[in-house]
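Provided herewith is a single structure, encoded as structure tokens, for subsequent inquiry.
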Amino acid sequence: MLLSQERKSLKMDVPIYFFSRTGNSKKVAFLLAKKLKTEPKEIQSYKFPYFLWLILSFIPFLPVKSNFPEVKAEEIVLCFPKWTFNCPPVTYFLIKCPCKRLTMIITYKGWGKNHYEKFYKFLCLILRKQVKIHFINIKKGSHGRRSQRLQQILHSLSCQSTF
Ligand SMILES: Cc1cc2nc3c(=O)[nH]c(=O)nc-3n(C[C@H](O)[C@H](O)[C@H](O)COP(=O)(O)O)c2cc1C
């Protein structure tokens with residue numbers, strides 16, 4: 001019942017992009033895409049080892065080249081992980097992506113979400129993009145709780161006529 005309303009409010013063809021290193025954000029992107037009957041599009045970057053990504057994630061605003069299917073839409077959903085202060089392949093994507101409105105769905109393990117939210121809100125402000133940010137704690141509880149959180153996010157997406 002709720003899902004049919006969600007489909008009405010979210011644009012039918014809203015593309016879902018994701019960046020994922022260990023699969024959590026990918027899982028969320030695929031769950032969302034299944035509900036919205038669409039195909040998620042992957043943002044890919046270098047296969048650096050964890051420690052190198054960790055060091056780079058401490059440098060705010062640092063972009064690292066990523067490849068992704070062309071963004072034609074004005075509005076997208078973007079799933080990606082929380083990485084310290086910065087997820088460089090996603091920052092690169094945001095700089096290059098011409099879309100104007102975004103819903104970010106960020107997976108994390110439960111710490112530091114406030115400064116990350118501020119960072120990406122600030123980046124979007126600079127890039128003149130409107131943004132709505134949701135976090136999913138992948139540590140908190142079971143698959144059931146995660147899909148409940150996703151359901152809440154879907155519901156809040158449906159309440160937004162403009163972001
Ligand atoms: C470089 C790096 C930095 C991270 N920093 C944080 C952090 O500050 N807070 C947190 O809760 N989780 C942190 N994580 C954990 C990820 O946010 C979490 O595992 C996420 O769900 C991974 O998503 P993925 O599987 O889509 O790559 C970090 C992971 C990496 C690789």
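Keeping to the stretch 88-119, report how many residues are over 19 Å from Val71 (Cα atoms), touching a residue at least 12 places away in the same chain (Cβ under 8 Å) and not in a strand (DSSP E or B).
Residues in the stretch 88-119 being over 19 Å from Val71 (Cα atoms), touching a residue at least 12 places away in the same chain (Cβ under 8 Å) and not in a strand (DSSP E or B): 8 in total.
Please state which of the following conditions Ile16 fails to meet, knowing it meets all the rest: (1) more than 9 Å from the ligand (Cβ to nearest atom); (2) touching a His at 6+ places or on another chain (Cβ under 8 Å).
Single failed check for Ile16: (2).
I've got another one for you. If you take the residues of the stretch 71-112 that are charged (D, E, K, R) and surrounded by fewer than 21 Cβ atoms within 10 Å (Cβ to Cβ), which of them is nearest to the ligand (Cβ to nearest atom)?
Lys109
Sticking with this one: Take the stretch 110-133 and flag every residue that is within 20 Å of Lys27 (Cβ to Cβ) and at pLDDT 95 or above.
If the condition is that a residue be within 20 Å of Lys27 (Cβ to Cβ) and at pLDDT 95 or above, then Lys113, Tyr116, Ile133 are the ones that fit.
Just to be sure I understand, how many residues within the stretch 32-57 are surrounded by fewer than 18 Cβ atoms within 10 Å (Cβ to Cβ) and modelled with pLDDT under 95?
5
Counting only residues that are within 20 Å of Ile126 (Cβ to Cβ) and in a loop (DSSP other than H, G, I, E, B), how many does the stretch 45-67 have?
Matching residues across the stretch 45-67 total 9.
Report the residue count in the stretch 92-113 for those that are touching a strand residue (DSSP E or B) at 6+ places or on another chain (Cβ under 9 Å), of a type outside the set (D, E, K, R) and closer than 16 Å to Ile126 by Cβ.
Result for the stretch 92-113: 7.
Regarding the stretch 1-9, can at least one residue be identified that is out of contact with any helix residue (DSSP H, G or I) (no Cβ under 9 Å at 6 or more places or on another chain), surrounded by fewer than 21 Cβ atoms within 10 Å (Cβ to Cβ) and either at pLDDT 95 or above or within 20 Å of Val131 (Cα to Cα) (or both)?
So far as the stretch 1-9 goes, no, none of its residues is out of contact with any helix residue (DSSP H, G or I) (no Cβ under 9 Å at 6 or more places or on another chain), surrounded by fewer than 21 Cβ atoms within 10 Å (Cβ to Cβ) and either at pLDDT 95 or above or within 20 Å of Val131 (Cα to Cα) (or both).
The values are calculated or read from the model by the stated rules, or taken from the named source; none is laboratory data. Quick caveat, the model's predicted, so the values are computed rather than measured. So basically every Cβ, Gly included, is an ideal-geometry build from the backbone, and we count neighbours across all protein chains shown.
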